[in-house]
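Below is one structure, written out as structure tokens, with a few remarks after it.
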Amino acid sequence: MTPADLFPDLASWVGNLHNVWPAYVIKPQFATWEVAHILSLVILGGASILLNLRLIGVGVTSEPASELHRNLRLWIHVGVIGVVVSGLLIGMANAERLYNSAAFTVKMIALVAGVMLTYGASGPVARADGEVSASAKAWWLAGLAVFLFGLGLLATSKLIAPGVFHVLTAAALLVLFVAQGRVRWIYLAGLILLIAAQWVGTHIVVKQTDFDRLDPTNKAFACVFAAWILGFAAYQLFGARAAENRPLARAIGYVSILVWVLAAAAGRWIAFA
Amino acid sequence: MIRDFLVWLQTELGKGGGDTAQSWSEALLGSPNFWGLLEGTHLLSLMLFAGTIFVVDLRLLGVTFRRTPVSTISERVLPLTVFGFAMVAVTGLALFFAKPLLYYHNIWFRAKLVFIVLALVNISIFHYRVQRNIGEWDGLAKPPASARASAALSLAAWLCVITLGRFIAYDWYECGKPIPRWINAVEDCASSEYGANNLEDVVK
């Protein structure tokens, strides 16, 4: 689903965007604006990871979540504004390509979900030291729905579907980071076994040139990976260890990190398909 | 000698028999999905690595977390930074392995390596010298000038690394194109398959 599929009447307007100010000013310095976009993502990523890890109950746990929010919110604002402004500018200068890119659609959906979750759920919950208000719950549910829609779109779109493995990898590492003791080793052993099984499945059982069978095999493995990761994430949320924050606050932490991973991954895959 | 090694790495290592056999480097570059995943993971790891080191640097500069001891931020955040760096390094090495000659003759890549070394030297100096008396300034909102200088250098160096890393994708100064003599020299274009084409000679 590309923007061209959604808004076919905009084709001529999009085709002319690169001639409109400020696109023609941006074009010669395109690479510099791309750097600004990446730097904004880096700032947003760092601040968002630290804040949401705290909601999950790891990272800078010696400080209350509200203190982390107080210190990091400026950098979250800088990151979000930087991503949007630099993205608009490089998008205008490269509009036709984005108009026909399914990865761009996923990125925009992830951006909307990211803003909803960051400002509607994660920020207010951190500010309240883990207390989840009714409004935060509503934003969380809405943001989660949009995030899952974007993830589903990425998984089912031709050529960019492998990008799902970015989100799976990030989720796998996040759960690994949070896991403790024996559970961590069991989880890690399972992940290594699954990776080995996928390699055997897609290199020996199914040959790399057999595209008809390779694609469903990879998708099946993606589902198994997701089930393994989600199972342990659920255990972390509701299982043995009594954590400081409630399960919902911690779930908000997990998804508020992954939503920006989805946005960045989809953005990267614009270049590949 | 380095170039000969890279030619072997790119074209010979792992190559089997037969006319269509590929080296491991060529196979990696030709793998549509794995190559994309590798590049994407490099960028995502950068978000973790640079994003968290910026927070530590900003604390050392006295810009953020002014009420939190420096050691607390370091102990809690740096493990994430180190993990992110390991991911960036592994994916970066794999990306280099896929196109070693292109990177070898690229001015941005060479400059990026210089700034990475500079940043790592700065980290060593901070770790072994500046941080030695951290007990005296751990809780200060604004750490001493030496710590702030180290943080500023770190920020600047990683900003340069990210910028130069992005510029590698552009072929402005590719060997074989008419480019200034000094860039031809820096990129060692004379030894490349495209040769050195001096802009000054073309203009004449």
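Of all residues being within 14 Å of chain B (Cβ to nearest Cβ) and without any contact (Cβ under 8 Å) to a residue 24 or more places away in the chain in the stretch A:147-183, which is surrounded by the fewest Cβ atoms within 10 Å (Cβ to Cβ)? Just the residue, please.
Step by step, filter the stretch A:147-183, then rank; the result is A:176.
From the residues in the stretch A:41-61 that are β-branched (Val, Ile, Thr) and in a helix (DSSP H, G or I), which one is nearest to the other protein chains (Cβ to nearest Cβ)? Let's see the steps before the verdict.
To start, the set of residues in the stretch A:41-61 that are β-branched (Val, Ile, Thr) comprises A:42-43, A:49, A:56, A:58, A:60-61.
Subset that is in a helix (DSSP H, G or I): A:42-43, A:49, A:56.
Working: A:42: 5, A:43: 6, A:49: 6, A:56: 13 Å.
Among them, the one singled out is A:42.
For residue B:6, all conditions in the list (1) part of a helix (DSSP H, G or I); (2) touching a Ser or Thr at 6+ places or on another chain (Cβ under 9 Å); (3) not assigned by TED's automatic domain parsing to the domain that holds residue B:91 hold save one; what is the number of the exception?
It is condition (2) that residue B:6 fails.
Restricting to the stretch B:66-90, name every residue that is in contact with an Asp or Glu (Cβ under 8 Å, 6 or more places away or on another chain) and within 11 Å of chain A (Cβ to nearest Cβ). Don't jump to the end; show me each part of the working.
Narrowing the stretch B:66-90 to residues in contact with an Asp or Glu (Cβ under 8 Å, 6 or more places away or on another chain): B:67-72.
Selection gives B:67, B:68, B:69, B:71, B:72.
Can you tell me which condition residue A:34 does not meet? The list is (1) at pLDDT 95 or above; (2) among the charged types (D, E, K, R); (3) closer than 20 Å to residue B:49 by Cα, and all the others hold.
Of (1) at pLDDT 95 or above; (2) among the charged types (D, E, K, R); (3) closer than 20 Å to residue B:49 by Cα, only one is false for residue A:34: (1).
If you go through the stretch B:68-85 one residue at a time, how many are closer than 12 Å to residue B:139 by Cβ and not hydroxyl-bearing (Ser, Thr, Tyr)?
Qualifying residue count, the stretch B:68-85: 3.
Filter the stretch A:64-79 for residues that are facing chain B (nearest Cβ under 9 Å) and crowded, with 20+ Cβ neighbours inside 10 Å; which is nearest to residue A:129 (Cα to Cα)?
A:68
Which one is nearest to the chain's Cα centre (by Cα), of the residues in the stretch B:124-161 that are farther than 19 Å from residue B:63 by Cβ and either in contact (Cβ under 8 Å) with a residue 24 or more places away in the chain or not in a helix (DSSP H, G or I) (or both)? Let's see the steps before the verdict.
Residues of the stretch B:124-161 that are farther than 19 Å from residue B:63 by Cβ, as a first pass: B:124-125, B:127-129, B:132-133, B:135-136, B:160-161.
Now restrict to residues that are either in contact (Cβ under 8 Å) with a residue 24 or more places away in the chain or not in a helix (DSSP H, G or I) (or both): B:125, B:129, B:160-161.
On the way: B:125: 19, B:129: 24, B:160: 9, B:161: 5 Å.
Across the stretch B:124-161, the extreme among qualifying residues is B:161.
What about residue A:95, is it touching a Gly at 6+ places or on another chain (Cβ under 8 Å), modelled with pLDDT under 90 and crowded, with 19+ Cβ neighbours inside 10 Å?
It is true that residue A:95 is touching a Gly at 6+ places or on another chain (Cβ under 8 Å), modelled with pLDDT under 90 and crowded, with 19+ Cβ neighbours inside 10 Å.
The values are calculated or read from the model by the stated rules, or taken from the named source; none is laboratory data. Since the model is a prediction, treat every value here as computed from it, not as a measurement. Cβ sites come from the backbone with ideal geometry, for glycine too, and all protein chains shown count toward neighbours.
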